[in-house]
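As structure tokens, the structure follows; a few thoughts come after it.
The values are calculated or read from the model by the stated rules, or taken from the named source; none is laboratory data. As the structure is a computational prediction, the values presented were derived from the model and not from experiment. Cβ: placed from backbone, ideal geometry, glycine included. Neighbour counts: every protein chain shown. Ligands, DNA and RNA are stripped out before the accessible areas are found, and what is left, the full protein with its side chains, is counted by its heavy atoms. Shrake-Rupley method; radii C 1.70, N 1.55, O 1.52, S 1.80 Å.
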Amino acid sequence: MPHRRGYAVCGVNAIVSWRAGADPTELLAAVTTMNQRLAHRGPDAEGLWAEEDIAIGHTRLKIIDPTGGQQPRVSDTWVLSFNGEIYNYLQLRAELAELGCQFRDASDTEVLAVALQTWGAEAVTRLNGDFAFVAYDRTSERLILCRDRLGVKPLYMKVTVGDVIVSSEPKGILAGEQVLRPGCRPVLDRMGFLQTLVYGNPVPPATCFDGIESLRGGELVTVCVRTGKIDRGRYWELTDTENASSQVHDQVGALLSDAVELRLQSDVDYSISLSGGLDSSVIAYLTGQINGSARAYTIGEHPDGAYSEKSNMNGSDLEFAERVADQAGHTLYAFDDLRGEVIEYVKKCTRARDGLVTLANEVPMLKLFERIKERDTVVLSGEGADELFLGYFYNIDTSGEVGPYFSSPRARFAFGMLNPRFVTTRWAASAIEEQFEADLAHLSDSIRSDKKKLMHYLQLKFTLPFVLDRADRLSASQSLELRVPYCDHRLVEYVFGLEDGLKFTTQEKQLLRDSFAGQFDDDVIYRKKSVFPFAEDAAQLESLRREVRRIIKHERRHGGLVAEVYRLPLLSAVFRSRMIFGQLVSILGTFYVQAFLCQLISMHVLGQEYQMHTRAAAAIDEPGARSQSARRPSLAGQEGQTR
């Protein structure tokens, strides 16, 4: 298999300013600071480029072509800072060569640069890959921001009165802001927080930071450097195209196999994150079939010395991980550190994600990435399969209304725990409803009116961003390149366009299972679903409870973000009394109670270490009276918007 040359997980930073008297030296200093803040994404090298009103930076993790390819890539007409992979770069290179284009190296970075120079922004529609980039057209003086179709690679922006700050992570924007506006403090975004309660994470473009927006997957933004005019648009979206259902299992198998093969191309060794569940096991089988043995990594433990399938919420798949690794020919490295240092790891996850930790299994996920980094830099993962093949059998019910609480019907009850000075229950419910409608306003009636098609869309556009955000941020914090074959846009388009009966079945992910039945171990292919391993023991739960009690006591005396957001007396009553706490665990289960405890701890970290606070808003009690921090216009059709 030919090796590719290009980039992988990297840091992209940029600032455009149209403020009168803007200091180019200040812009360069800000981007330099942003590069330093994103050193984990690119610890091997950094680059800077600046002109009068614009500065662009890059941090690089050397995976491919380690001796060449400095970024930002500068030519007479374009400046490019690129994060990710263009998988069809060889075909594009050949097409461009036929047009008379010349190349100096063999990288996909240069292919992207030449494609932009030749076709302009339209070039992004020809790309097959996982990428995010900023590109400055020096002729038209426009900065282009772009994110891949599914949003595998991240990109964020903040627009102020006189500038636009862009970065691969919110912490990069915060660092640049401190240089431009010393002493500014981040504000918790109401909508981003409310969506976190409902969906586990803000739905792009919302984030937890007021004013910082995440580009949606498949979105392209252009900024005029001279005027500050911003044009937004989607270059890709899921559609209601119906795909033929003949030979569907062969087609799914072929598309996923090709997606895996594309992601095995690297100049360094690759590895596999193998939990032992269906999704990662299929990736491990295909990897062994296509390219032979590799290192596989798993974390978990055998409950009571033996695997049990009594619940989909168990904490270990080790037995199956061992079986799959042996059958596929991989060397398995198994770790059993599910417990221990849970408080410190929740804090690490918070810093890595620049946001709230909303699932306890983020802790073992980060621990596993730390172990993988000891030997490898590239790792394939099964993320995205549940959203694509509808694996969340407990929250894809379409018998009733498919609305904003599709993934968590009881999430709205959490609004009653919020401090009314931050947001009232009435306003929260109204705001979530309004934002849900705004985010879907561009959809065709054929998708909106088909409850099953809409449910599938919501899994891919509301739930998947959380999964990808968590995976990118936790892996990138360890300077790892995470690749996700299930998010190949060709596979997603095909499966989304299949008839509902093939996807909404009595057994979750039946389509995926049947596509590989008989090819691999059917005991693995048809086994019961299990979540990513996490510790359920009482000692860890008690450790988390005690930490939250400590935080509540601290914030009752000194104030803080948790006190601004939640009703502290109510939290204190729940977590002080062992009886009430025990009742809460018996009602909700350990998994969800741990998640709430982790959220509170991470919120305290954001308040203490990020100096995050809330902003009092006028008239938030009435439905429709939306504060600026919660108002998120749909990006569809926002052409020619000026800030």
Summed side-chain charge close to residue 337 - residues other than residue 337 whose Cβ falls under 10 Å, Lys, Arg +1, Asp, Glu -1:
-1
Long-range amide H contacts for residue 333: which residues qualify at under 5 Å (H placed 1.01 Å from N, peptide plane, sequence gap of 5 or more or a different chain)?
296, 297, 298
Compute the length gained on full extension between residue 141 and residue 375: take 0.36 nm times their separation in residues and subtract their Cα-Cα distance, giving the result in nm to one decimal.
79.9 nm
I'm spelling it out carefully: the read-out is mean projected area of the Cα convex hull in nm², the candidates are [x] 46.2; [y] 32.4; [z] 27.3, and one was derived from this structure. Which label?
[z]
Keeping all protein chains in place and using 1.4 angstrom, which order do 245, 475 fall into by accessible surface area, from largest down?
245, 475
Per residue, accessible area of the chain with a 1.4 Å probe, heavy atoms of protein chains only, in Å², comes to 36 Å²
Return the calculated 222 nm mean residue ellipticity for the chain, to the nearest 500 deg cm²/dmol, obtained by summing -39500 (n - 2.57) across DSSP H runs with n ≥ 4 and dividing by the residue count.
-11500 deg cm²/dmol
Rank these by accessible area, largest first, 1.4 Å probe: 241, 59.
241, 59
Compare the peptides 513-521, 185-193, 150-158 by average per-residue count of other Cβ atoms within 10 angstrom and give them in order, highest first.
150-158, 185-193, 513-521
In segment 478-583, with Lys and Arg counted as +1 and Asp and Glu as -1 at Cβ, which of these residues, 563, 496, 519, has the Cα nearest the positive end of the dipole, that is, farthest along it?
563
Determine the sum of side-chain charges near residue 150: Lys and Arg each +1, Asp and Glu each -1, restricted to other residues whose C-beta is under 15 angstrom from that of residue 150.
-2
Equivalent-ellipsoid semi-axes of segment 42-171, from the Cα gyration tensor, Å, largest first:
22, 17, 15
What percentage of the solvent-accessible surface of the chain, computed with a 1.4 Å probe over protein heavy atoms, is contributed by carbon and sulfur atoms?
48 percent
Debye log10 I(q)/I(0) at q = 0.22, 0.25 Å⁻¹ for segment 125-195, Cα point scatterers
-1.12, -1.22
Once amide H atoms are placed 1.01 Å from N in the peptide plane, what residues at a sequence separation of 5 or more from residue 160, or on another chain, have their amide H within under 5 Å of its amide H?
165
Enumerate the calculated ³J(HN,Hα) couplings along segment 210-225 in order (Karplus 6.51 cos²θ - 1.76 cosθ + 1.60, θ = phi - 60°), each rounded to whole Hz, writing x wherever the residue is Gly or Pro.
4, x, 8, 10, 9, 4, 6, x, x, 10, 10, 10, 10, 10, 7, 5
